[in-house]
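The structure appears right after this line, and notes come after that.
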Amino acid sequence: MPQMTAPRFGSMTLDGFIQLLGSSAPSPGGGAASAVAASCGAALVAMVAALSVDRPRYAAHAASHARHGVAGRTLAARLLDLADEDAVAYAAFAAALKLPRDTDAEKVVRTAAIRASARVAAEAPLRTLEACRDVVTGSEGLAGRSNLNASSDLAVASRLAEAAAHGAAENVIVNLPSLGDEGLADEMRGRVEALLAEIE
């Protein structure tokens with residue numbers, strides 16, 4: 001199977017990404033969209049931290065502002081990378097589904113390719129889900145310790161990350177039946193449930 005190259009959504013215009021997302025192309029899809037939404041949430045965490053720096057009223061939390069500012073920017077970039085990873089993973093899975101299956105040998109090759117690519121396609125949104133947890137953690141860490149004029153932005157950051165987490169979870173779960181490994185599927189399902197509970 002040919003090596004898939006990352007699309008680099010972070011280098012696209014917003015309009016270009018939205019147009020691509022709304023096209024008949026199977027990728028990017030919900031997994032990439034979830035990661036991009038969470039990236040926006042992470043950027044809002046960084047923004048609120050930046051708006052709180054050098055404000056005497058919040059001086060006692062300066063270390064938190066610095067920490068969450070860096071973490072928010074890092075997470076925003078990481079989530080854009082995860083959007084790329086998700087799209088590449090799904091494209092590989094879609095390609096595996098199209099492999100020939102006329103002979104027994106071809107069926108064996110196809111099944112192995114589907115299982116391997118399904119695992120990658122489940123792992124990418126699982127990493128997005130983990131990053132969503134970190135966005136919510138950052139938002140919570142700044143709540144009540146940052147510029148009150150930006151409190152609604154923190155709420156938006158949390159809501160975006162929460163919605164993105166559920167979207168990422170759906171993209172993990174949908175790939176589990178193709179793994180061909182019930183133990184691994186149960187393990188990943190348990191991880192998803194634990195992360196969603198932590199985010200809630």
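Observations, loosely collected:
- In the range 1-105, counting only helices (runs of 4 or more DSSP H) that sit wholly within it, the ones holding 2 or more residues that are crowded, with 20+ Cβ neighbours inside 10 Å span 30-52, 62-97.
- Close pairs (6 angstrom Cβ cut-off, 6 or more residues apart or separate chains): closer than 11 Å to Val135 by Cα in the range 33-55, charged (D, E, K, R) anywhere: Leu44/Asp153; Ala46/Arg73
- With respect to (1) touching a residue at least 12 places away in the same chain (Cβ under 8 Å); (2) out of contact with any Lys or Arg (no Cβ under 7 Å at 6 or more places or on another chain), the lone exception for Leu99 is condition (2).
- Residues that are surrounded by fewer than 20 Cβ atoms within 10 Å (Cβ to Cβ) and of a type outside the set (A, V, I, L, M) within the range 106-123 comprise Glu106, Lys107, Arg110, Thr111, Arg115, Glu123, listed in sequence order.
- Selection of the range 124-169 for residues being of a type in the set (Ser, Thr, Tyr) and either open to solvent by 10 Å² or more (accessible area, probe 1.4 Å) or assigned to a helix (DSSP H, G or I) (or both) yields Thr128, Thr137, Ser139, Ser151, Ser152, Ser158.
The rows are residues; the columns are (1) at pLDDT below 95; (2) within 20 Å of the chain's Cα centre (by Cα); (3) over 30 Å from Asp54 (Cα atoms).
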{"position": "Ala118", "(1), (2), (3)": "no, yes, yes"}
{"position": "Ala121", "(1), (2), (3)": "no, yes, yes"}
{"position": "Ala124", "(1), (2), (3)": "no, yes, yes"}
{"position": "Leu129", "(1), (2), (3)": "no, yes, yes"}
{"position": "Leu148", "(1), (2), (3)": "yes, no, no"}
{"position": "Ser152", "(1), (2), (3)": "no, no, no"}
{"position": "Asn171", "(1), (2), (3)": "no, yes, yes"}
{"position": "Pro177", "(1), (2), (3)": "no, no, yes"}
{"position": "Leu184", "(1), (2), (3)": "no, no, yes"}
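The values are calculated or read from the model by the stated rules, or taken from the named source; none is laboratory data. Source: prediction; values computed, not measured. Every residue, glycine as well, gets a Cβ built from its backbone with ideal geometry; the counts of neighbours run over all protein chains shown. Just the protein is used for accessible areas: all its heavy atoms, side chains included, with ligands, DNA and RNA removed. Shrake-Rupley method; radii C 1.70, N 1.55, O 1.52, S 1.80 Å.
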